[in-house]
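Read through the structure below, which is laid out as structure tokens, and then see the notes.
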Amino acid sequence: MWNGGCLSEIPIINDVLTEVQRVWDTQLLSLRTLEHLYMFTIALFVSILIGIAVGVLIYRSPKLADPVLNGLNVVETIPDVALLVLLLPIFGIGAGPTVAASILYSILPITRNTYTGLANVPREYVEIAEALGLNPGEVLMRVRFPLALPLIAGGIRIAVVFTMGVVTLGGLIAAGGLGAALQNGIQLYDMGTILVTGAWVGLLAVILDGGAGVIENRLKVRYGTWS
Amino acid sequence: MKFKKLFNRIESIKLESVTKSYGDRFAVRDLDLEVRGGELMILIGRSGSGKTTTLRMINRLIEPDSGRVSINGANVEDFDPVRLRRSIGYVIQNIGLLPHLNVSGNIGLILKLEGWDQAKIRERVSELLNFVSLPPKSFMDRYPHQLSGGQQQRIGLARALAMDPPLLLMDEPFGALDPLLRTQLQDEFCKIKKELGKTIVFVTHDINEAFKLGDRVAIMDNASLVQVGTPEELIFEPSNELVSEIVDSKRKYRHMEALKVRDMMQSLDSGYFLEGNMPAEIALRKMVDAGLEVAFVFKESGTVGKIPLNEVLKAGNTGKSLNDISKSLLVFPADASLFEALTQLKEEGESMALVLGGEMPVGLLFSDRVLQGLV
Amino acid sequence: MVISAEILQATLEHFFLAYTALLAGIIVAVPLVLLSLYSERLASLVMKFSNLVQAVPSFAVVAVVVPLIGIGFTPAVIAIMLRVLLPIVKNTYIGLFNVDPALIDSAKGIGLTEFQIIRNVRLPNAYPAIFAGVKFAAILANSIAVLTALIGGGGLGSMIFEGLTNFNTAKILAGTLPVIAIALFLDFSFSVLEHRLTPEYLKNET
């Protein structure tokens, strides 16, 4: 799949392509990528569910807001490797603690942005909704939540980056994924493996972050006057 | 529909010794005001005078500290606020169209919450858009940020009318528009006001707007009601210095002194004049056919008599002639001072007079139309 | 006793590694920010690049340093520095440029030079943002200094990874708990400092 075409006529590019092909095959990068995206998707999905639920909860009971956000902030300062390691006794090794740590990290940005978004909807819109006769539940679901969506999407975008980072670390505790290939590279001191896998992980992360950014911006544009 | 409207028509809205304070500052203090069913009541005053607070106590956006607000005799506190507000239309200055909903989403929001089906909502939305002179096809699917200020204001009105509420509360609805557009929308609103046939409470700080639209005007200052009355009453009998300053009666008096009756009269055609000996029942048919509310007769004394339609109705088949039921009528020469004419009308408690050019009747002077002409 | 001496040793190594890198990051950040003050194109380039790179997982950055520079203490410092540099630059830049234009205008109006404006108007306004950037970077440095044990940086990370390979729970905890303690300590002391250092007139905004 890498040869053919005129680019491979140039010696250096030809070498690079050969090396990429070698690493891709020996490190099973297709499989690793699937494992990686599988953990990423589950972790992100659960983070979004929990993050938004907690955000709505602390919006509705503001007394909880400070303790919950401060607690999540503390989790955020714990180094990711340490958090991962601490979860080993609970979840065993592998994908379990990796996904759990990703979720723990990713809840904060989503919860914080959900909370901020819901609380900071301009008074004007809430007032008109109340004046039209929306009950508190309808104000939350039909006015506050949709208007908070761009900000919530911003939180999810940060969570995408966090989740990507932690899932990559999962390779260190036998969770598979692209981190496993990176660790192989370091242990075998195989420069090609490190470079190719590193570049591929970086590219994947940038693409996912960019995709989330596009969605965030679309939402912002759709809501016109409000950002 | 999930619920029945709390009221289908408004008999009256009463605020009785209503007080609302924030900290040690009164927003509204011991206010008594009655809005009659079908009228457009203006609340006017400087910012901070309590007019918006008063308005918002009607649909319970603000709860009074003491006193009672009632609609058709029922205390609003006894209504569920959500049901109450769905029975009352509400329009505000900055419109507050929800930016995440398109035009039909905004207008149909409450209809949707009320469980109307999609087709019925669309139908109602088009009807309302037509009513506010926006072609439904090109506006239904637009978002608020794609609309001009005037268009947004129309949508705001349409949204308030969605549930066909018998009462509309409007808080400086034209305040944010540029003067030209404001005048245009005021003119349109004047026209549709009659079609709507609703009771309207309208907050403004613009006295011209108040006189143009209002049946009665309540002047507020410093959390209290200063005076309430028709525009003429406020101009001719301001209760204090502040009122005359607000209605600017000094300037208008002076303005009026320079004018003659002929400048402000409605011209008259001979169709208004009937034979004095005509029997009432024949006159009734003639007047109804011609759409006249009032007719005139020349009396033998050389004066002119006024025949209001309701008097003709009352006379019915009694066989009375118009001469028998005619009322006396004030008469002014066309070059009389407008100011003096109006003052005299006021003193006599009359709203109209006949204008003579020489010996011939040439026009009619209506006190309320003069005021509208002036503002 | 032996274990605690080992922990102390590792903790010192960890500190030294993380904060050499942080210091290097700050030193490299200053000229970058000053340069971008003079060229808007450079500034926007720096911002775009920094946003892009922040999406890349730390593990990938640490790993890729190996083929480029090798293993050991210096590559570890460079890996951490690369990671902490961008938050510092970004926050400083945001702080310096989110100044009310009216303030800049009036400073020009009373005859301040470009440099005096940076020194007396932009910089004081940027303190809270710079501070937030440095706080974030300090906590990040602590976190990545664990990871750099993989490429021979030593310190507490080495204890954790050794513990992992030998299933030695005591060793894992001996590495993990100090790292967490350092993180919490940093978070707490920076919050206190932040409160003390923020000029009175900016306190409401932050």
Next item on the list: Considering the convex hull of the alpha carbon atoms of the stretch B:168-311, report its projected area averaged over all viewing directions, in nm², one decimal.
Entry: 12.8
Notebook entry, point to check: Which one of A:LEU132, A:LEU88, A:LEU69 has the biggest mean-square fluctuation once chain A is modelled by GNM with Cα springs under 10 Å?
Noted result: A:LEU132
Item checked: Averaged over B:149-157, number of beta-carbon atoms from partner chains that fall within 10 Å -> 0
Check: So in chain B, what percent of DSSP beta bridges are antiparallel if you round to the nearest 5?
Finding: 60
Next item on the list: Counting only DSSP beta bridges with both residues in the protein assembly as shown, tell me the antiparallel percent, nearest 5.
Entry: 60
Item checked: Estimated dipole of the stretch B:1-97 in Debye, rounded to 20 [Cβ of Lys and Arg +1, of Asp and Glu -1, Cα centre] -> 480
Notebook entry, point to check: Percent of alpha carbon pairs in the stretch B:241-357 separated by more than 18 Å?
Noted result: 58
Margin query: Please list log₁₀ I(q)/I(0) at q = 0.05, 0.08, 0.10, 0.11 Å⁻¹ for the protein assembly as shown, using the Debye equation with identical point scatterers on the alpha-carbon positions.
Written below: -0.47, -0.87, -1.12, -1.24
Check: Can you give the average number of partner chain beta-carbon atoms within 10 Å of each beta-carbon in peptide C:63-74, as a whole number?
Finding: 4
Checklist line | Radius ratio Rg over Rh of the stretch A:121-187, counting only Cα atoms, Kirkwood formula for Rh | finding: 1.42
Item checked: chain B: angle of helix B:118-131 to the longest principal axis, Cα-based, in degrees nearest 10 -> 40
Notebook entry, point to check: Thinking of the stretch A:91-165 as a set of Cα atoms, what percent of all their pairs are more than 19 Å apart?
Noted result: 48
Check: Which of the chymotrypsin sites (Phe, Trp or Tyr not before Pro) across the stretch A:116-225 are loop residues per DSSP, with 15 or fewer other Cβ within 10 Å?
Finding: A:TYR189
Item checked: Per-residue average of Cβ from other chains inside 10 Å of A:132-144 -> 5
Check: Classify the stretch B:147-213: rounded, prolate or oblate, from the alpha-carbon gyration tensor (a ≥ b ≥ c, eigenvalue square roots; a/c under 1.5 rounded; otherwise prolate if a/b is larger than b/c)?
Finding: oblate
Item checked: the stretch B:180-249: C-alpha gyration tensor shape, a/c 1.5 cut-off, then a/b vs b/c -> prolate
Check: Highest GNM mean-square fluctuation, chain A, Cα pairs closer than 10 Å: which of A:LEU31, A:LEU104, A:LEU134?
Finding: A:LEU134
Checklist line | Zero-based 10 Å bins, Cα pair distances in chain B, whole percents | finding: 5, 20, 24, 23, 18, 9, 1, 0
Next item on the list: Among A:ASP80, A:ASP209, A:ASP190, determine the one that fluctuates most according to a GNM of chain A built with springs between C-alpha atoms less than 10 Å apart.
Entry: A:ASP190
Next item on the list: Show that you can apply the helix-only estimate: for chain A, add -39,500 (n - 2.57) for every DSSP H stretch of four or more residues, divide by all residues, and state [θ] at 222 nm to the nearest 500.
Entry: -27500 deg cm²/dmol
Item checked: Residue-averaged 222 nm ellipticity for chain C, from DSSP H runs of 4+ at -39500 (n - 2.57), nearest 500 -> -27500 deg cm²/dmol
Next item on the list: For chain C, return all DSSP H helices satisfying: extent of Cα atoms along own axis at least 20 Å; mean Kyte-Doolittle hydropathy at least -1.0.
Entry: C:2-38, C:40-54, C:73-97, C:123-147, C:169-197
Check: Considering the alpha-carbon set of chain A alone, what are its Rg and its Dmax in angstrom?
Finding: 21.7, 73
Check: Which number do you get for Rg(Cα) / (2.2 N^0.38 Å) in the stretch B:60-133?
Finding: 1.37
Notebook entry, point to check: Can you give the relative contact order of chain B as a percent, counting alpha carbon pairs under 8 Å and 6+ residues apart?
Noted result: 16
Item checked: Euclidean distance of C-alpha centroids, the stretch B:51-84 and the stretch A:118-176, integer Å -> 35
Item checked: Heavy atoms of A:TYR115 accessible to a 1.4 Å probe, total area in Å² rounded to 10 -> 60
Checklist line | Against the rule of thumb 2.2 N^0.38 Å, how large the Cα Rg of the stretch A:108-227 comes out | finding: 1.51
Next item on the list: Just round it to a whole percent: the fraction of Cα-Cα distances in the stretch C:1-160 exceeding 29 Å.
Entry: 30
Notebook entry, point to check: Roughly how many Å is it from the Cα centre of the stretch B:327-344 to that of the stretch C:3-38, as a whole number?
Noted result: 95
Next item on the list: State whether the stretch A:36-86 is rounded, prolate or oblate according to the following rule on the C-alpha gyration tensor (a ≥ b ≥ c being the square roots of its eigenvalues): a/c under 1.5 gives rounded; otherwise a/b larger than b/c gives prolate, and the remaining case gives oblate.
Entry: oblate
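The values are calculated or read from the model by the stated rules, or taken from the named source; none is laboratory data. Here the structure is a predicted model, which is why all the values come from computation and not from measurement. Methodologically, a virtual Cβ is constructed for each residue, glycine included, from the backbone with ideal geometry; neighbour enumeration extends over all protein chains shown. Just the protein is used for accessible areas: all its heavy atoms, side chains included, with ligands, DNA and RNA removed. Shrake-Rupley method; radii C 1.70, N 1.55, O 1.52, S 1.80 Å.
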